[in-house]
Amino acid sequence: MSNYHIKHLEEYFQIHRKSVRDPEGFWEEVAEEHFIWRKRWDKVLSWDFEKPEVKWFEGAKLNITENCIDRHLRIRGEKTAILFEPNDPKEEAEHISYQQLYERVNQFANVLKDQGIKKGDRVCIYLPMIPELAISTLACARIGAIHSVVFAGFSATALSTRINDSDCKMVIASDGSYRGSKTIDLKGIVDEALEECPGVETVLVAKRIHSDIEMKEDRDKWLQPLLDKADTECEPEIMDAEDPLFILYTSGSTGMPKGMVHTTAGYMVYTAYTFKNVFQYRENDVYWCTADIGWITGHSYIVYGPLANGATTVMFEGVPNYPDWGRFWEIVDKHKVTQFYTAPTAIRALAKENLECVEKHDLSSLKVLGSVGEPINEEAWHWYNDNIGKKKCPIVDTWWQTETGGIMISPIPYLTPTKPTYATFPLPGIQLSLMDEKGEEITENQVDGRLCIKFPWPSMARTIWGNHKRYKETYFSTYKNQYFTGDGALRDEVGYYRITGRVDDVIIVSGHNLGTAPIEDAINEHQAVAESAIVGFPHDIKGNALYGYVILKESGESRNHDNLRKEINQIITEHIGPIAKLDKIQFTSGLPKTRSGKIMRRILRKIACNETDNLGDTSTLLNPEVVQEIMDNVLKNLKI
Ligand code: PRX
């Protein structure tokens, strides 16, 4: 029995038990079997959740790109590594073989070196879903530079905050991007962001939309001519197991985004292992994850996990509704996709459209369907199962986080019986716990609690860039000796887990994590706004949408409310991006507060969700008249 590829349910139980009994032996075996190491580790694991400090495969030396690329050249040199499907279906798809990927990554790595990038430097990547995005992340890894990919839907302010937080020396961008029928001026956003970023020395610009853009002398350089001149060989930088591989920002409940730091060896081992098992990946499969590489799903399950397994991974530049709502299924049909991984918000949007969009296409190549990013509701689950999987493809509802680096809870397709809305069992090596309000672990089943993880796993984020204290406070201080996920979960009678949602001030909108504080900070910048509070409420397609309660300063009271709503959403778009826009805005004279001055979001949430029959305990409420006012306004059906 190999630990690496689980083939029977009984084997899953055995392997999971073994991974709990002897986690180090378990991961050591996985690491030994499947990777190239320049030097073996001295110690598999050392850990302390108090500090917190976690190290996997200490003493080992490696380069992740040797494992994702070089290792495959001999037997898979001609095999497609990245299959790029452009925004416009009339443009031809590009098949990048492992050999070509090797050459392109090396050329890019040589360009980075020529531009003065060294091991440990931070490079910000702000690119659309074009091959250069995957290639530049790998090029950074090749030379030991730390990549920080920022999703290219973020605004200039969000971009500059992230560039400055990790002191990036370079930005890799493109002239613009295609998004369905629209084009976006990405370079313009970069230029605006860089007005606030004195540390950036170089901007490498890929040509995608061939727009007429300004190039700042000495700072901005066209990428292609540099690549054309670069050598196709670049010796990989030999990295320590615990050297940082990348930083990826995620929203928190307070203002600044958290730059989660992932390190090299553990991340590689875990993403490779989980990719293989969760998608039951076999040679010659064509795997497609629709996420953007700007999110963790793209890092782990478009780039590193699939490539570490020598897989063919599809990269799609476009959107699900361009040129029409059949695009996803057209791509599945065209490339004979075998594993398809997307988010519930996309499934819900697709399910609203005419079934003809699906039925025109042959989906018989599909073997496994995946879901990630938010709870999948029962209706969406059944639609996906009936119409896409034709009841023959298991759905893997995968629960994980930017912080966990890889999938933590998921069925193993064809082995674990699926149950709608349940992510089912923890993967091997993962030791979950449910905690009650008193901080005690709940041992029985059929209860809900707060989801924690009590033992380290190889791909966990090691710190928050530049702020280890916040890392400790956020994840390791709520419960002693536990990593706290911030999610609530229910465990059923057989031990299956169902994620019930966030228990903090993070709201997941269309699969994107949004902290309430940064949005409130943005709104409060409006000169007519005195204070604001954001909560989530259920939305048919987005899962959750945002509801803002806004108190105006005297100067704003006489203003036209419709205009103010537009301006508030405009400010949010500028500070964060259009994904954080509010669906509803209610102006109010006050916010419900406790006697100690804390906003009682629970009450605001109930009102937004139309659950005003039972507001719960209001004994600590300082100003009940405000609650009455807010509810009266809703009842009066004021336009909000
Ligand atoms: O609340 C959980 C939800 O998404 C959060 C993590 O978001 P992010 O770091 O952006 O990573 C998303 C992609 C891995 C979690 O704390 N979440 C993620 N997957 C699921 C989920 N909620 C329910 N079911 C899931 N399968």
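Data table
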read-out	value
Segment Lys454-Asn164, length gained on full extension (0.36 nm per residue, minus Cα span)	101.0 nm
P(r), alpha carbons of segment 366-428 - 10 Å bins starting at zero, rounded %	24, 56, 19, 1
Residues in segment 433-459 that a label on Val494 would reach, taking backbone N under 19 Å of a point 7 Å out along Cα→Cβ	444-448
Near-label residues of segment 613-635 by backbone N, under 18 Å of a point 7 Å along Cα→Cβ of Lys584	613-616, 626-635
Segment Ile75-His210, length gained on full extension (0.36 nm per residue, minus Cα span)	44.9 nm
D (Stokes-Einstein, µm²/s), Kirkwood Cα radius, segment 510-635, 0.692 mPa s at 37 °C	219 µm²/s
Segment 556-640: trypsin sites (Lys or Arg not before Pro) in DSSP loop, at most 15 other beta carbons within 10 Å	Arg559, Arg595, Lys598, Lys636, Lys639
Pair Glu32, Arg605: separation of 7 Å Cα→Cβ label points (nm)	4.7 nm
Neighbour cut-off at most 12 other Cβ (10 Å), DSSP loop, GluC sites (Glu not before Pro), segment 594-640	Glu611
Global form of segment 70-191, assessed from the alpha-carbon gyration tensor, a/c cut-off 1.5	oblate
Net charge contributed by nearby residues that have their C-beta within less than 11 Å of Glu103 (K/R +1, D/E -1)	-1
Karplus-derived HN-Hα couplings along segment 292-297 (A = 6.51, B = -1.76, C = 1.60, θ = phi - 60°), whole Hz, x at Gly and Pro	9, 5, x, 10, 4, 4
Semi-axis lengths (Å, descending) of the ellipsoid that matches the C-alpha gyration tensor of the chain	37, 30, 25
For Leu415, Leu434, order by how many other beta-carbon atoms lie within 10 Å, fewest first	Leu415, Leu434
Computed magnitude of the charge dipole of segment 510-635 (debye, nearest 20; Cβ of K, R +1, Cβ of D, E -1)	260 debye
Under 23 Å from Lys438, Cα to Cα: lysines that are on another chain or at least 8 residues apart	Lys51, Lys454, Lys472, Lys480, Lys598
Relative contact order (percent, whole number), the chain, Cα cutoff 8 Å, 6+ residue spacing	12 percent
Entries in Lys391/Lys542; Lys360/Lys392; Lys18/Lys392; Lys187/Lys542; Lys113/Lys187; Lys336/Lys542 that, when Cα-Cα distance is taken, lie over 27 Å	Lys18/Lys392; Lys187/Lys542; Lys336/Lys542
Ascending count of other beta-carbon atoms within 10 Å, so fewest first, for Val529, Val20, Val105	Val20, Val529, Val105
Sum of -39500 (n - 2.57) over DSSP H runs of 4+, divided by residues of the chain (222 nm, nearest 500)	-8500 deg cm²/dmol
Linear extension gain, Asp231 paired with Glu440, 0.36 nm per residue minus alpha-carbon span	69.4 nm
Segment 116-165 shape via C-alpha gyration tensor axes, a/c threshold 1.5	oblate
Whole-Hz couplings from phi, Karplus 6.51/-1.76/1.60, listed for segment 605-619; x for Gly and Pro	5, 4, 5, 5, 8, 6, 10, 7, 4, 9, 7, x, 6, 10, 5
Net +/- balance of residues flanking Val529 in space, Cβ distance below 14 Å, scoring K and R +1, D and E -1	-3
Qualifying trypsin sites (Lys or Arg not before Pro) in segment 82-175, DSSP loop, other Cβ atoms within 10 Å at most 14	Lys90, Lys118, Lys119
Shape category assigned to segment 310-400 from the gyration tensor of Cα positions, a/c cut at 1.5	rounded
Footprinting exposure proxy for Leu546, Leu227 (fewest neighbouring C-beta atoms within 10 Å first)	Leu227, Leu546
Dipole of segment 161-317, positive direction: furthest Cα of Thr264, Ala173, Gly305, with charges on the beta-carbon	Gly305
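We did not get these values from a lab; they are worked out from the coordinates using the rules stated. Here the structure is a predicted model, which is why all the values come from computation and not from measurement. Cβ atoms come from the backbone with ideal geometry, glycine included; neighbour counts cover every protein chain shown.
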